[in-house]
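The values are calculated or read from the model by the stated rules, or taken from the named source; none is laboratory data. Just so it is clear, the structure is predicted and the values come from calculations on it, not from any experiment. So basically every Cβ, Gly included, is an ideal-geometry build from the backbone, and we count neighbours across all protein chains shown. The accessibility values were calculated without ligands, DNA or RNA, using every heavy atom of the protein model including side chains. Shrake-Rupley method; radii C 1.70, N 1.55, O 1.52, S 1.80 Å.
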Amino acid sequence: MKVLTDNWSIYWHGFVGTLELTVVSAALALLLGVLVASFRVSPVRALRAFGAGWVTILRNTPLTLLFFIVVLGLPRFDIVLPFFTFSVLALGCYTSAFICEVLRSGINTVPPGQGEAARSLGMTFGQTLGLVVLPQAYRSVVAPIGSVLIALAKNSAIAGSFSVVELLGTYRTINELGYGIVWTFVWIAVGYLVITLAISAVFNLLERRTAVSR
């Protein structure tokens, strides 16, 4: 406990940093994921091609490499942002590809007749997707999305290598103070466990609620 109590402020700032990074990146990933998923099932060929390219490129690009591309590449185009923002962009875009595929799998579980009935009533593609298809697909993708966001929380540790305050990066400061590396990492692991269990609890609650409403 001495490692934790003596360095509580360091751990706390790292924990809050990881929490903020996870929440903001998750919001961006969900927004982009829904958008790209709608592109992938769009009747417009150009949008389908864009969505397929987005998913293929990001899912097959190592996250660390994507961080380097964003942090070192964007400033070459005079796009200078805080490292936190760069990290959010990298994490959010990367995770959005996985969110997209989860949503697309959920959309495929909705009977085609639902969309056909909506179109027969004169609804547009956007109305059909937003009012008919996605609300039904949502029920089957709650748990998988939770798993993707748990992975996002753990992936946020990479941001520490790019001058972003987060939980894993606290080990450098604490190690320099002469504390044992084993217990330093034990408490870091506990911090990540708290975050991932919280995400899991939220999505378990959502899953139970959607199951009741079936």
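General remarks:
- Residue within region 32-54 that is buried (at least 21 other Cβ atoms within 10 Å of the Cβ) and within 29 Å of Val165 (Cα to Cα) present: yes
- Output for region 172-214, where each listed residue is more than 18 Å from Leu21 (Cα to Cα), hydroxyl-bearing (Ser, Thr, Tyr) and surrounded by 14 or more Cβ atoms within 10 Å (Cβ to Cβ): Thr173, Tyr179, Thr184, Thr210
- Qualifying residue in region 159-167 (condition: in contact (Cβ under 8 Å) with a residue 12 or more places away in the chain, among the charged types (D, E, K, R) and closer than 25 Å to Gly113 by Cα): no
- Any hit, region 138-154, residues being open to solvent by 30 Å² or more (accessible area, probe 1.4 Å), over 20 Å from the mean Cα position of the chain (by Cα) and among the basic types (Lys, Arg): no
- Picking from residues in region 9-27 that are surrounded by fewer than 18 Cβ atoms within 10 Å (Cβ to Cβ) and either of a type in the set (Asp, Glu) or at pLDDT 95 or above (or both), the one that is nearest to Gly169 (Cα to Cα) is Glu20.
- For region 77-91, the set of residues classified as assigned to a helix (DSSP H, G or I), over 22 Å from Gly33 (Cα atoms) and modelled with pLDDT of 90 or more consists of Phe83 only.
- Unmet requirement for Gly106, which otherwise passes all of (1) open to solvent by less than 40 Å² (accessible area, probe 1.4 Å); (2) closer than 25 Å to Gln136 by Cβ; (3) touching a Lys or Arg at 6+ places or on another chain (Cβ under 9 Å); (4) touching a residue at least 40 places away in the same chain (Cβ under 8 Å): (4)
- No other residue among Val142, Val190, Val132, Val165 is of a type outside the set (Ser, Thr, Tyr) and out of contact with any helix residue (DSSP H, G or I) (no Cβ under 6 Å at 6 or more places or on another chain) apart from Val190.
- Matching residues, region 110-144, being under 30 Å from Tyr192 (Cβ atoms) and touching a residue at least 60 places away in the same chain (Cβ under 8 Å): Tyr138, Arg139, Val142, Ala143
- Residues of region 20-76 that are among the β-branched types (Val, Ile, Thr), out of contact with any Lys or Arg (no Cβ under 8 Å at 6 or more places or on another chain) and touching a residue at least 60 places away in the same chain (Cβ under 8 Å): Thr22, Val24, Val34, Val36, Thr64, Val71.
- Filter result for the condition that a residue is of a type in the set (S, T, N, Q) and surrounded by 13 or more Cβ atoms within 10 Å (Cβ to Cβ), over Thr5, Thr61: Thr61
- Filter pass, Val102 being under 22 Å from Arg209 (Cα atoms) and in a loop (DSSP other than H, G, I, E, B): no
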